[in-house]
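Remarks on the structure that follows.
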Amino acid sequence: SSFKGVQLPKMQHSLQPLVKRRGQKAVGGLEMNIVKEGLYRVIACLPYILPMMDSLAYGRFLFQKVPIMATIFVKPLQPFTDLAQAFPMISFVAFLGMFLFVVRNRAVPRFIRFSAMQALLLEILLIFPQILTSSNLGGLIPFMFTEFVSNMTFYAIATIVGYSCISNLQGELPCKIPVISQAVFQQIGGGSGYED
């Protein structure tokens, strides 16, 4: 395909280089200005609040040892954690709402649907370390192992969320996470490009 005489790759993971000199670009056959696209990039980051918020419990050992990390990660998410504590069902409602009205809604840009599905998969994966760290299997698991699993879980989620948000803000599809991103493609369909 071509765009004003410039040859473009058939498959791409970002909106670039579709920017026109007039400050507009074509996405999914629609003309969008840069402000609207910027808004889409920010919206695509919002689903990651859910897994990041739930991962804070796994960072408790790190926050005790390095208080500055609590300031960096806990403080920005405090309004959401307070809301979740006030309304315990809100996380489940948000999970279900994202799946039904975002991931399964073809009217929502695929860019946003991809991130929503990826965030939901992270949320599901958090169930497994929770089983190990909460029950402690009747004291059979040493505390050091529990702390290790908690720390690694927090590091993993924080890294994935950081990568995904940076990619979104740069206009790139955050699709390079092994296994997880492939599972997202299977759920939302289509190829590995930006559009359906």
Exercise. What are the trypsin sites (Lys or Arg not before Pro) within region 49-113 that DSSP puts in a loop, where the Cβ has at most 12 other Cβ atoms within 10 Å?
Worked result: R106
Seminar exercise, completed: Between the modelled labels at I131 and K65 (7 Å from Cα along Cα→Cβ) the distance in nm is 2.6
For this session: Could you rank the peptides 43-51, 126-134, 152-160 by their average count of other C-beta atoms within 10 Å per residue, with the highest value first?
Result: 43-51, 152-160, 126-134
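Coordinate-derived values only; no laboratory data. Bear in mind the structure is a predicted one, so any value in this text is a computation, not a measurement. FYI the Cβ positions are ideal-geometry reconstructions off the backbone, even for glycines, and counts take in every protein chain you see.
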